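Below: one structure, written as structure tokens.
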Amino acid sequence: MSLGSGQSVLIVDDSPVMRQMLTNLFVSHGFNVVAQAADGEEALVLFEKFRPELTTLDIVMPKMRGTEVLEIILGKYPESNIIMASSVSDARTVMHCLKIGARQYIVKPYDEEKVMTAVRKALNIA
């Protein structure tokens, strides 16, 4: 059985290359990528539409920072599984996101094993 078992994923990143890379990674592990968003505003619309079981969220994006999106989603749906996926790796930013309620924090460039480890932890998959 694959890791994802068809669980729905929303990928949010302003980089088309990063979105595609994560999509390929999730699909290869059995997840169903229901949507991709290029900015924070689009992310909120798509989250409401699909209510994904897992969301990856970039921090530095146009229109709205990922930390704002994180606060809005978790304010409304505190049970949401959100993994911050960013090139920003300073301890203050990481701790801020985890304090808000992000389940995990992964740093670009993505390492497949690290991403899947974060996903397992976020979704409580053994």
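The values are calculated or read from the model by the stated rules, or taken from the named source; none is laboratory data. All of these numbers come straight from a predicted model, not from anything done at the bench. Here the Cβ positions follow ideal geometry from the backbone for every residue, glycine too, while neighbour counts run over all protein chains shown.
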- [ ] Please enumerate the residues belonging to region 88-107 that are of a type outside the set (Phe, Trp, Tyr), closer than 15 Å to Leu22 by Cα and touching a helix residue (DSSP H, G or I) at 6+ places or on another chain (Cβ under 7 Å).
- [x] Ile106
Open item on the list: One residue is enough: does region 37-52 have a residue meeting the conditions surrounded by fewer than 19 Cβ atoms within 10 Å (Cβ to Cβ), part of a loop (DSSP other than H, G, I, E, B) and touching a Gly at 6+ places or on another chain (Cβ under 9 Å)?
Closed with: no
TODO: Please work out which one of (1) without any contact (Cβ under 8 Å) to a residue 60 or more places away in the chain; (2) more than 12 Å from the chain's Cα centre (by Cα); (3) surrounded by fewer than 17 Cβ atoms within 10 Å (Cβ to Cβ); (4) farther than 13 Å from Leu54 by Cα is the condition Glu112 fails and give its number.
DONE: (1)
Task: Condition check for Lys121: surrounded by fewer than 15 Cβ atoms within 10 Å (Cβ to Cβ) and not in a helix (DSSP H, G or I) - done: no
- [ ] Evaluate the following for Lys99: is it over 13 Å from the mean Cα position of the chain (by Cα) and within 14 Å of Ser8 (Cα to Cα)?
- [x] no
TODO: Name the residue, out of Glu53, Glu42, Glu68, that is out of contact with any strand residue (DSSP E or B) (no Cβ under 9 Å at 6 or more places or on another chain) and among the acidic types (Asp, Glu).
DONE: Glu68
Open item on the list: Tell me yes or no: at least one residue of region 71-85 is modelled with pLDDT under 95 and either hydrophobic (A, V, I, L, M, F, W, C) or surrounded by 15 or more Cβ atoms within 10 Å (Cβ to Cβ) (or both).
Closed with: yes
Open item on the list: Quick check on Val17: is it without any contact (Cβ under 8 Å) to a residue 12 or more places away in the chain, more than 19 Å from Arg65 (Cβ to Cβ) and hydrophobic (A, V, I, L, M, F, W, C)?
Closed with: yes
